[in-house]
Amino acid sequence: MDRAFRMPDCIRLEVGEPNFPTPPHVVDAATQAARDGRTRYTENPGIPELRTRIAEHFTRDTGRPTDASQVTITTGAVAALYTALMSITNPGDEVILTSPAWPNYLMQMKLLGIRPVAIPTTAETDYAPSISQLESAISGKTKAILLNTPSNPTGAVISNTTMAEIVDFARQADIYVVSDEVYDRMTFENPHVSAASHDTDGRVVCIHSFSKTYAMTGWRVGYAVAPPEIAQLIINCQEPTVSCVNAPAQYGAIAALDGPQDVVLQMRDAYRERRDEVLRLLSSSGIDAHKPGGAFYIWVDITDSGRSDMDFAMDLIDKRQVTVVPGSTFGPGNEGRIRISLATAPTDLYEGVSRLVEEIKS
Ligand code: PLP
């Protein structure tokens, strides 16, 4: 990214944020809130109206009856994840996750003194862990399994059957499931399945965000929905770290939930169209890429280039002015891949992918 910033004409395929603007009714609601003087601290866990709306949506979507007291509004999903992990672990505990994984998971675990236990996954299982892998990964120190569906970087969507098996495994092992579902509204074929919909005894903590769903990355509003005792710990962790989330942004979030949802569908449909075109461009040149069922990334095989992911990514910037994310950013063992983002405007996206193809073949 540093190198790309020095090249203003670089095509940016590494950026993980929507190229769409925040819907105007959200901007209006937040502006109006500020004008009306809603500029003070809010309750630590967020303003009651927003927590109530989220609890209603969550109950409807997952079938798990959820009370507003279980919802904490956080500074993006990133803070929801951090305080959730902080709440359920002590230093030295282990958390199981799959690889490739969004790099912030490992960074957060490092800060919290958690030992990550990564399970390698492949396209053959649609990047889901098998129960036998989970059995091998578990120890007396395991506190949780961290899931991400739809996944960044692979776009894999965990099926209903697999989700049921994983939550059942967690129940038998008496550990938590932390489920990062920030791309829940971005699925293309099969519907998103929340881990919460299989939670029968209060062991699932769900992580959500307004960032991707409503193109609100810079507003920093996310939330955690947790069993009551964990929700209280998350709220306790919020006071010393951020106190509360930006007040006008929380009013913007209410408008996002209450307002027209066609903006969400339009973005999702645009990502699907871009996905199909990018996959067509890659496969017509014989380049292997995983077909993502959700989110807005494509995980591309670059082994044909004969270079490591890092060397390839640097060559791509220097020779063709295109940035991508090297696979090893998502954990060791992913050196033969790079991630591109579909959240870039189509003209740049397709031009960038054409140059990527040329570089792999060069
Ligand atoms: N989880 C995943 C898988 C992500 O890809 C991201 C952002 O890229 C986040 C969480 C963080 O989202 P937020 O902007 O709400 O902090």
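Overview of results
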| quantity | calculated |
| --- | --- |
| Enumerated strands (runs of 3 or more DSSP E) restricted to the stretch 170-256, each holding at least 3 residues that are within 14 Å of the ligand (Cβ to nearest atom) and touching a residue at least 60 places away in the same chain (Cβ under 8 Å) | 204-209, 222-225 |
| Among (1) outside any loop (DSSP other than H, G, I, E, B); (2) touching a residue at least 60 places away in the same chain (Cβ under 8 Å); (3) buried (at least 20 other Cβ atoms within 10 Å of the Cβ); (4) in contact with a helix residue (DSSP H, G or I) (Cβ under 9 Å, 6 or more places away or on another chain), the one test that residue 287 misses | (1) |
| Every pair of residues 6+ apart whose Cβ atoms lie under 6 Å, when the first sits in the stretch 341-352 and is open to solvent by 20 Å² or more (accessible area, probe 1.4 Å) while the second is part of a strand (DSSP E or B) | 348/11 |
| Selection within the stretch 133-142 - in a helix (DSSP H, G or I) and open to solvent by 70 Å² or more (accessible area, probe 1.4 Å) | 135, 136 |
| Matching residues in the stretch 291-314 - criterion: being without any contact (Cβ under 8 Å) to a residue 12 or more places away in the chain and either of a type in the set (A, V, I, L, M, F, W, C) or not in a loop (DSSP other than H, G, I, E, B) (or both) | 311 |
| Cross-chain or 6+ apart pairs with Cβ under 9 Å, the stretch 315-328 first and closer than 19 Å to residue 15 by Cβ, then buried (at least 16 other Cβ atoms within 10 Å of the Cβ) and among the aromatic types (Phe, Trp, Tyr) | 324/312; 325/297; 326/312; 327/299 |
| Some residue of the stretch 64-83 being aromatic (Phe, Trp, Tyr), farther than 26 Å from residue 266 by Cα, within 15 Å of the ligand (Cβ to nearest atom) and at pLDDT 95 or above | yes |
| Pairs where the first residue, in the stretch 269-282, is more than 14 Å from residue 354 (Cβ to Cβ) and in contact (Cβ under 8 Å) with a residue 40 or more places away in the chain and the second is open to solvent by less than 20 Å² (accessible area, probe 1.4 Å) and among the acidic types (Asp, Glu), C-beta under 9 Å, 6+ apart | none |
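The values are calculated or read from the model by the stated rules, or taken from the named source; none is laboratory data. A quick note: this is a predicted structure, and the numbers were derived from the prediction, not measured. Methodologically, a virtual Cβ is constructed for each residue, glycine included, from the backbone with ideal geometry; neighbour enumeration extends over all protein chains shown. Accessible surface areas use protein heavy atoms only, side chains included; no ligands, DNA or RNA. Shrake-Rupley method; radii C 1.70, N 1.55, O 1.52, S 1.80 Å.
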